[in-house]
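Some notes on the structure that comes next.
The values are calculated or read from the model by the stated rules, or taken from the named source; none is laboratory data. Everything numeric in this text was worked out from a predicted model, so none of it was measured. No Cβ is skipped: glycine too gets one built from the backbone with ideal geometry, and neighbour counts run over all protein chains shown. Side chains included, ligands, DNA and RNA excluded: accessible areas come from the protein's heavy atoms. Shrake-Rupley method; radii C 1.70, N 1.55, O 1.52, S 1.80 Å.
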Amino acid sequence: ETTLIYLHRPHQTLMLLRNKKKDDLNSGKWIGIGGKLEAGESPYEGAKRETYEETHYIMHSARFVGTVLFIDLTRHYEEKMYVYTSEDFSGEMHVCDEGELHWIDDEKLSDLPMWEADPYFLSWLKDEKVHQAKATYQNDHLLSFEETQM
């Protein structure tokens, strides 16, 4: 189980270019911040912790956007991800050991190299619904994205 957090300020979203870790599945891709939940940690607690660890921003509140079940047929891997967004954070950003953090203008997000399913959940940030989806990949390409109405 993992978290994915999109910090937002007027007309910009914080994105992470994964370019620092060796043997990184996400290498060269732009993603939100987040990571694996720790034992006994709720998804919201994990989102707050990951936000601080990766950015040094303190997230005061967040909106739960939805869940995504990732299935990677090539690696025989499955991951449940909890997606959040927040405009309620404080602090000063610091250097991340997983990649480069950049505030990206919202209209330029679609130009970034990212996983093929990521634009779907970036679109979720624009409404007040809670979403649920399954993304199936093979050889790093999206085979299907199935969103379930809740």
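Phi angles across the stretch 85-97 convert, under the Karplus curve 6.51 cos²θ - 1.76 cosθ + 1.60 with θ = phi - 60°, into 3J(HN,Hα) values of 9, 8, 10, 10, 8, 9, x, 10, 5, 10, 5, 9, 7 Hz, Gly and Pro given as x. Positive end of the dipole of the stretch 56-131 (Cβ unit charges, origin at the Cα centre): among Tyr57, Cys96, Ala117, the Cα lying farthest that way belongs to Ala117.
Each other residue within a Cβ distance under 11 Å of Gly99 adds +1 if Lys or Arg and -1 if Asp or Glu, for a net charge of -1.
What is the sum of charges, Lys and Arg at +1 and Asp and Glu at -1, for the other residues whose Cβ falls under 14 Å from the Cβ of Trp124?
-2
Under a 5 Å amide H cut-off, with hydrogens placed 1.01 Å from N, Thr2 pairs with Leu37, Lys80, Met81, Tyr82 among residues at least 5 apart or on other chains. For Lys29, nonlocal amide neighbours, meaning residues 5 or more places apart or on other chains whose placed amide H falls under 5 Å from its own, are Arg18.
I'd like to check one number: the per residue accessible area of the stretch 1-117, probe 1.4 Å, reported in Å² as a whole number. Write down the numbers at each step before the final one.
Numbers: 6170 Å² over 117 residues.
Result: 53 Å² per residue.
Computed over every Cα-Cα pair of the chain and binned at 5 Å starting from 0, the pair-distance distribution P(r) comes out as 2, 9, 19, 23, 24, 16, 6, 2 percent. What the Cα atoms of the stretch 18-95 give is an Rg and a Dmax of 13.7, 40 Å.
For the stretch 1-106, which whole-number percentage of the solvent-accessible area (1.4 Å probe, protein heavy atoms only) is attributable to carbon and sulfur atoms?
Values: 2750 of 5450 Å².
Here it works out to 50 percent.
Under the definition of Cα pairs under 8 Å and six or more residues apart, what whole-number percent is the relative contact order of the stretch 49-137? Display every interim value, and only then the final one.
On the way: 116 pairs, mean separation 34.4, N = 89.
The value is 39 percent.
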